[in-house]
Amino acid sequence: MPRDPHTPYRGLNADRNLASLLPAIRRWQPDLLLLTGDVSEDGSAAAYGRVSAQLSTAGAPVLALPGNHDDPAVMRRYFPLGPWGGLHAYEKRNWLLVLLDSTEPGRVSGGFSDAALYQLEQCLRGASNRHVLIALHHQPVLVNSLWIDRHALERADAFWSVVDRFPQVRCIAWGHVHQDFHAVRGEKVLMGSPSTVANCLPGRETFTLDTGGPACRWLELNMDGALETGLLRGL
């Protein structure tokens with residue numbers, strides 16, 4: 001979302017498209033909302049304030065990740081539940097949601113330092129009695145869209161060398177890709193989430209607008225570690 005609510009994003013109005021999703025979100029009655037980054041196009045307080053105000057009508061806590069367009073120092077003032085200064089873990093029933101900051105200042109691609117991966121490993125070691133969902137901004141696997149895969153998570157093998165060792169990790173979710181993506185890696189579900197503003201048709205070399213409109217992903221995390229997911233659409 002840009003600083004000026006009248007500034008278009010890929011020819012679309014970000015405020016209007018987010019607002020179009022809110023009736024479906026409120027009908028879903030979520031326990032919490034998860035923002036997977038690029039909440040503001042320009043890291044502006046004005047944009048974060050408008051998003052926060054709109055989402056407050058859903059009546060659920062908001063967990064937020066920074067994306068490569070975000071300014072974490074500004075963003076955390078409006079979304080305090082996030083990986084500000086390190087991993088953020090949020091418990092809900094017998095699930096642990098682990099939020100990781102994959103952004104690197106001044107770069108579109110993402111990555112994790114050795115210290116961040118060590119912190120993740122220690123967190124997972126302490127969560128042996130819970131099911132775990134890991135959320136980050138950058139895709140840790142290619143989604144077969146060249147325009148965004150050139151800006152994926154770098155050193156993804158180092159990330160997977162940690163995550164693959166922990167069977168309690170049931171799901172990895174991310175933003176960044178502007179499209180629905182679903183795959184599996186062993187028994188782990190991998191999910192890319194679409195944008196509430198503008199999405200791209202899958203499998204394209206360049207951004208090609210998906211006229212299906214804005215969307216967000218719903219997740220139902222079950223007590224036995226299974227999960228269900230789908231999309232909510234607006235407009």
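The values are calculated or read from the model by the stated rules, or taken from the named source; none is laboratory data. Note that the structure is predicted; figures quoted are calculated from it, not measured. Glycine also receives a Cβ, built like all others from the backbone with ideal geometry; neighbour counts cover every protein chain displayed. Surface accessibility is based on the protein's heavy atoms, side chains included, excluding ligands, DNA and RNA. Shrake-Rupley method; radii C 1.70, N 1.55, O 1.52, S 1.80 Å.
Arg50 fails exactly one of the following numbered conditions: (1) surrounded by fewer than 17 Cβ atoms within 10 Å (Cβ to Cβ); (2) touching an Asp or Glu at 6+ places or on another chain (Cβ under 7 Å); (3) of a type outside the set (Asp, Glu). What is the number of that condition?
Unmet condition: (1).
Looking at the range 175-202, which of its residues are over 23 Å from Arg16 (Cα atoms) and under 17 Å from the mean Cα position of the chain (by Cα)?
Phe181, His182, Ala183, Lys188, Val189, Leu190, Met191
Which numbered condition trips up Glu121, out of (1) free of Cβ contacts under 8 Å to residues at least 24 places away in the same chain; (2) in a helix (DSSP H, G or I)?
(1)
Grab the strands (runs of 3 or more DSSP E) fully contained in the range 126-235, keeping just those with 2 or more residues being surrounded by fewer than 18 Cβ atoms within 10 Å (Cβ to Cβ).
181-185, 215-221, 227-233
State yes or no: is Asp70 of a type in the set (D, E, K, R), closer than 26 Å to Val169 by Cβ and open to solvent by less than 30 Å² (accessible area, probe 1.4 Å)?
When the stated conditions are applied, Asp70 passes them.
Which residues, counting only those in the range 109-118, are hydroxyl-bearing (Ser, Thr, Tyr) and assigned to a loop (DSSP other than H, G, I, E, B)?
Ser109, Ser113
Quick test for you: out of Gly43, Gly59, pick the one residue that is more than 18 Å from Pro194 (Cα to Cα), open to solvent by 50 Å² or more (accessible area, probe 1.4 Å) and out of contact with any Ser or Thr (no Cβ under 9 Å at 6 or more places or on another chain).
Unique residue meeting the criteria: Gly59.
Leu33 is checked against (1) crowded, with 19+ Cβ neighbours inside 10 Å; (2) over 30 Å from Ser161 (Cβ atoms); (3) under 15 Å from the mean Cα position of the chain (by Cα) and fails just one. What number does that condition carry?
All conditions are met except number (1).
Given (1) open to solvent by less than 30 Å² (accessible area, probe 1.4 Å); (2) over 22 Å from Leu22 (Cα atoms); (3) among the hydrophobic types (A, V, I, L, M, F, W, C); (4) out of contact with any helix residue (DSSP H, G or I) (no Cβ under 6 Å at 6 or more places or on another chain), identify the lone condition not met by Phe79.
(2)
How many residues does the range 15-29 contain that are touching a helix residue (DSSP H, G or I) at 6+ places or on another chain (Cβ under 9 Å) and either modelled with pLDDT under 95 or open to solvent by 20 Å² or more (accessible area, probe 1.4 Å) (or both)?
5
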